[in-house]
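Below: the structure, in structure tokens.
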Amino acid sequence: MLLFALGFLLVILQPSTGQFPRVCANVQSLLSKECCPPWDGDGSPCGELSSRGSCQNILLSQAPLGPQFPFSGVDDREDWPSVFYNRTCRCEGNFMGFSCGECKFGFSGLNCTERQVKTRRNIFQLTASEKNKFLAYLNLAKNIPSQDYVIATGTYTQMNNGSNPMFRDINVYDLFVWMHYYASRDTLLGGSNVWRDIDFAHEAPGFLPWHRVFLLMWERQIQRITGDENFTIPYWDWRDAEDCEVCNDEYMGGRHPTNPNLLSPGSIFSSWQVICTRSEEYNSQQALCSATSEGPIRRNPGNNDKSRTPRLPSSADVEFCLSLTQYESGPMDKMANYSFRNTLEGFADPQTAISNPAQSGLHNALHIYMNGSMSQVQGSANDPIFVLHHAFVDSIFERWLRRHRPMLEVYPAANAPIGHNRENYMVPFIPLYRNGEFFKPSRELGYDYEYLQEPALQSFQDFLTPYLQQARQIWAWLVGAAVFGGIVTAVLTGLTRACRKKKGGTSSEIQPLLIESEDYNNITYQSNF
């Protein structure tokens with residue numbers, strides 16, 4: 001009944017956030033390399049007449065990259081999005097979107113001036129009605145075509161450098177599956193050659209900011225197609241879980257009674273078709289995933305290779321990971337040691353932080369444990385458990401940010417793998433987002449996690465945070481000044497006492513009392529303090 005009630009929303013879709021804007025997927029835009037659509041509010045490009053933004057040249061980062069990708073000019077994702085567009089809307093203030101028609105994350109209102117913080121909750125804390133609504137929203141997204149975005153079915157070269165556009169429609173849920181595939185796909189080098197050591201969303205510093213943006217965009221899209229502005233993504237807290245607690249028909253789908261690799265017919269997700277799972281086929285054809293159906297969701301939780309992933313992550317694993325002080329280290333890829341990012345992503349041991357790609361910990365462990373569609377990187381977002389899982393991973397990232405309060409400079413500015421430097425734009429998002437823009441607390445982006453909230457202390461902490469951050473930058477000077485001040489005080493005190501002793505030749509009759517009443521009170525107060 002709920003699904004039927006939501007059906008009417010097909011006719012009132014609002015702008016979304018995703019990959020290639022439909023209004024820019026044409027010959028004129030591709031040949032001019034400009035994507036500056038008019039804002040519906042005033043009809044001017046980027047809403048310029050209303051001071052929302054203007055059409056500007058894209059400013060690309062010139063910082064050097066790491067050695068992992070030894071090519072140049074062979075992949076459409078290099079210096080994103082300049083192969084397709086070199087002019088886009090640059091929005092002002094709190095405005096955002098490919099036409100500056102939206103509000104930045106964390107803002108709302110007609111002029112995007114109203115701050116808001118929404119709460120993501122544990123899926124097991126939702127009421128039956130809230131949980132059923134979430135499942136219905138997922139199914140709705142799988143059956144509604146995106147009104148504002150299309151996907152590319154060919155490379156820029158295959159499009160004859162823009163004169164032969166190759167795009168197609170896609171539903172809202174699969175739009176995000178395709179974006180995850182596109183960011184992590186191999187580079188096509190021609191013939192049967194590919195380069196596999198490349199990923200714009202994984203195995204490098206951008207892993208956590210990229211998925212943070214991905215979830216924010218997905219969350220906003222669900223809010224819009226349903227009209228439920230209060231919707232937030234729930235999370236699954238998998239710490240110390242003995243099995244897949246959400247793998248039943250009440251939640252994300254149970255096991256099929258006769259085929260353990262498929263979902264139960266009693267789950268709405270058993271009818272879903274996956275896309276973008278045949279990477280070897282695309283590589284051999286030197287083609288992109290065209291988002292055609294490739295069969296049902298596959299999942300067989302727990303029957304994975306135990307030598308690689310012996311168990312689900314524990315609370316101790318998470319706590320050790322949170323104790324790591326370095327966000328990134330060394331080569332800044334899956335071989336990084338003592339890196340919070342690499343340990344949370346799962347390429348480093350969650351008990352030692354030493355890189356071990358042969359084992360899968362934390363984030364990676366969940367993907368491998370699911371033993372199906374979710375276990376293959378490029379197509380992993382096909383399984384809706386992906387959303388619950390990454391919401392919890394993001395909450396661990398948030399805990400680390402709150403515990404260590406890193407400055408933006410902690411995020412690498414240079415020498416990271418391609419696409420992962422601080423000022424690089426994230427592939428394949430339009431509007432454009434830089435990695436460093438999302439290396440900050442979630443409350444500044446408009447959301448929080450229920451289990452991280454501290455109502456009694458939050459406002460006071462928010463007040464103190466900027467001062468504490470400034471103090472951390474100058475603590476060495478403060479300590480030095482205190483030491484120097486102590487030395488000066490000691491010297492002056494010694495000189496003063498020496499002078500008094502020199503004058504102390506008077507008789508005891510004319511010497512003052514050692515402690516008079518007023519002095520005694522002062523000493524007591526100082527002692528107490």
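The values are calculated or read from the model by the stated rules, or taken from the named source; none is laboratory data. As the structure is a computational prediction, the values presented were derived from the model and not from experiment. Cβ atoms come from the backbone with ideal geometry, glycine included; neighbour counts cover every protein chain shown. Heads up: the accessible areas ignore ligands, DNA and RNA and are worked out on the full protein's heavy atoms, side chains in. Shrake-Rupley method; radii C 1.70, N 1.55, O 1.52, S 1.80 Å.
Looking across segment 30-40, just one residue is touching a helix residue (DSSP H, G or I) at 6+ places or on another chain (Cβ under 6 Å) and assigned to a loop (DSSP other than H, G, I, E, B), and that is Pro37. Can you pull out every residue in segment 422-440 that is part of a loop (DSSP other than H, G, I, E, B) and touching a strand residue (DSSP E or B) at 6+ places or on another chain (Cβ under 9 Å)? Selection gives Arg422, Glu423, Asn424, Met426, Pro428, Phe429, Pro431, Leu432, Tyr433. Against the list (1) in contact with a Phe, Trp or Tyr (Cβ under 7 Å, 6 or more places away or on another chain); (2) crowded, with 24+ Cβ neighbours inside 10 Å; (3) free of Cβ contacts under 8 Å to residues at least 60 places away in the same chain, the condition Leu366 fails is (3). Of all residues in segment 421-441 being over 14 Å from Met217 (Cα atoms) and within 13 Å of the chain's Cα centre (by Cα), which is surrounded by the most Cβ atoms within 10 Å (Cβ to Cβ)? Looking at the filtered set, the residue picked out is Asn435. Each residue in segment 277-333 was checked for being open to solvent by 70 Å² or more (accessible area, probe 1.4 Å), assigned to a loop (DSSP other than H, G, I, E, B) and either in contact with a Phe, Trp or Tyr (Cβ under 7 Å, 6 or more places away or on another chain) or closer than 14 Å to Ala353 by Cα (or both), and 2 pass. Summed over segment 394-422, the residues that are among the acidic types (Asp, Glu) and farther than 17 Å from Cys321 by Cα give a count of 1. Considering segment 35-60, the residues that are out of contact with any strand residue (DSSP E or B) (no Cβ under 8 Å at 6 or more places or on another chain) and polar (S, T, N, Q) include one that is least open to solvent (accessible area, probe 1.4 Å), namely Ser50. Inspect all residues belonging to segment 212-226 and state whether any of them is modelled with pLDDT of 95 or more, touching a helix residue (DSSP H, G or I) at 6+ places or on another chain (Cβ under 8 Å), over 23 Å from Pro145 (Cα atoms) and open to solvent by less than 20 Å² (accessible area, probe 1.4 Å). Among the residues of segment 212-226, at least one is modelled with pLDDT of 95 or more, touching a helix residue (DSSP H, G or I) at 6+ places or on another chain (Cβ under 8 Å), over 23 Å from Pro145 (Cα atoms) and open to solvent by less than 20 Å² (accessible area, probe 1.4 Å), which makes the answer yes.
Scan segment 111-132 for residues that are open to solvent by 30 Å² or more (accessible area, probe 1.4 Å), in contact with a helix residue (DSSP H, G or I) (Cβ under 9 Å, 6 or more places away or on another chain) and assigned to a strand (DSSP E or B) and the total you get is 2.
Filtered by the rule that a residue be among the β-branched types (Val, Ile, Thr) and under 26 Å from the mean Cα position of the chain (by Cα), segment 283-328 gives Ile297, Thr309, Val318, Thr325. Taking each residue of segment 335-357 that is at pLDDT 95 or above and looking for partners that are open to solvent by 10 Å² or more (accessible area, probe 1.4 Å) and among the basic types (Lys, Arg) with beta-carbon atoms closer than 8 Å, six or more apart or interchain, yields Asn342/Lys334; Glu345/Lys334; Phe347/Lys334; Ser355/Lys334.
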